[in-house]
Amino acid sequence: MRNLNKTNLSRLLSVTMAAVLAAASGSVLAGAGDPAAGKKKNSMCAGCHGIADYRTAFPEVYSVPKLGGQHAAYIIKALQEYKAGDRSHPSMRAIASSLSDQDMADLAAYYASDAAKSAGK
Amino acid sequence: MRKIILGVVYAALVAGSGAHAADSVAGKQKAKTCAACHGPEGNSLTPDFPRLAGQHYDYLVKALTDYKSGARKNPIMEPQAKNLSQRDIADIAAYFSEQKGLRTKY
């Protein structure tokens, strides 16, 4: 009886460990951006960021920033700040508010994907 | 006479506009502090810090001006930008915008 309990306990432990590991790796997978998925989601971005030397029209006029080769982590941070209202730009706030965390990760992965080629020396 | 007055006004406007005064050579000297986070020539090696190399001049001016005024909030960038004059901002933006790095991606 005592042996059986011990076996059950170790089995329970290993099952629990496996579940914890699976959950952990699952969340890593969900968080990782997919550049191919990002490319399909970027129609809202390309109208401004995809046109060379495009300028904002409102509320101030300046060149829309280049995103090709930018770090994914920074793009995600910028989108989250727009969504939260910590960074103010009317169009970006509206667009970022419509994006899920996964959308942001995918878009960031897309814009960052060929950083090695585009980054200078 | 009218033409002369217009010419003087125009010359004053051109001389007064910051964009024409931006000096990327001076900017390189002023941007030494930036390299600690934004990397050599603005090609940051740390994912949390944005690449600046090749970014548009006027976007960089706006970002720094907004950090300086507090319109854009960031605990690292606010104190950095507060110490910069509009001339410094123009020079630094000119320097980073002339480096090779970021590009427009469709």
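The values are calculated or read from the model by the stated rules, or taken from the named source; none is laboratory data. Keep in mind it's a predicted model, so treat the numbers as computed, not measured. Neighbour counts are summed over all protein chains in view; Cβ atoms, including those assigned to glycine, are modelled from backbone coordinates with ideal geometry.
Out of the stretch A:30-69, which residues are of a type outside the set (Ser, Thr, Tyr), more than 7 Å from chain B (Cβ to nearest Cβ), part of a loop (DSSP other than H, G, I, E, B) and in contact with a strand residue (DSSP E or B) (Cβ under 9 Å, 6 or more places away or on another chain)? A:ASP53, A:VAL61, A:VAL64, listed by residue number.
Of everything listed in (1) modelled with pLDDT under 95; (2) among the hydroxyl-bearing types (Ser, Thr, Tyr); (3) surrounded by fewer than 19 Cβ atoms within 10 Å (Cβ to Cβ), the single unmet condition for A:SER113 is (3). Regarding A:GLY85, is this residue touching a helix residue (DSSP H, G or I) at 6+ places or on another chain (Cβ under 7 Å) and surrounded by 15 or more Cβ atoms within 10 Å (Cβ to Cβ)? So A:GLY85 fails the test. A single entry from A:SER91, A:SER63, A:SER43, A:SER98 fulfils the requirement of being surrounded by fewer than 18 Cβ atoms within 10 Å (Cβ to Cβ), of a type outside the set (A, V, I, L, M) and closer than 23 Å to B:ASN74 by Cα: A:SER91.
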